[in-house]
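Working notes, beginning with the structure itself.
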Amino acid sequence: MDAWYCKSLGDGMSAHLPMHDIAELFRPMHAAAGHPPAMAVFTRHESDGHLHCEVTVFFSPAAAELARALGAIACPEPAPERLDLLAGSPASFALLFPAAGTP
């Protein structure tokens, strides 16, 4: 249970609704699991010189069930730079990325 998962949500202008939906689906799963701090979902907005950025969502290993249900694919652990917490405990960042410190 150490695989991270990721899913591209496409253009940042249209990613808000899928991000909201992911957060809404996450909440009851997180509660049912006892609110583990290692269960979290992060986003990263990236721009490669295009007009709009692309949003990628990253699911921690503890959120793998949700990730698989949403069609996310296994990926390497993301670099902590420019990650934003979408869903989960505020303590999750420091727990999952201890070398990075607090965002």
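Observations, loosely collected:
- Yes/no for Arg82 being among the charged types (D, E, K, R) and closer than 14 Å to Lys7 by Cβ: no
- Residues that are closer than 11 Å to Ala62 by Cα and crowded, with 18+ Cβ neighbours inside 10 Å, drawn from the range 38-48: Met39, Ala40, Val41
- Restricting attention to the range 1-37, the residues being touching a Phe, Trp or Tyr at 6+ places or on another chain (Cβ under 9 Å) and either modelled with pLDDT under 95 or open to solvent by 60 Å² or more (accessible area, probe 1.4 Å) (or both) number 1.
- Listing of strands (runs of 3 or more DSSP E) fully contained in the range 51-100 that carry 2 or more residues being open to solvent by less than 80 Å² (accessible area, probe 1.4 Å) and touching a residue at least 60 places away in the same chain (Cβ under 8 Å): 73-75, 84-88
- The residue that is nearest to Leu95 (Cα to Cα), among those in the range 38-50 that are assigned to a strand (DSSP E or B) and at pLDDT 90 or above, is Ala40.
The values are calculated or read from the model by the stated rules, or taken from the named source; none is laboratory data. These figures come from a predicted structure and were not determined experimentally. Glycine gets a Cβ as well: all are built from the backbone with ideal geometry, and neighbour counts include every protein chain shown. Only protein heavy atoms, including side chains, enter the accessible area calculation; ligands, DNA and RNA are left aside. Shrake-Rupley method; radii C 1.70, N 1.55, O 1.52, S 1.80 Å.
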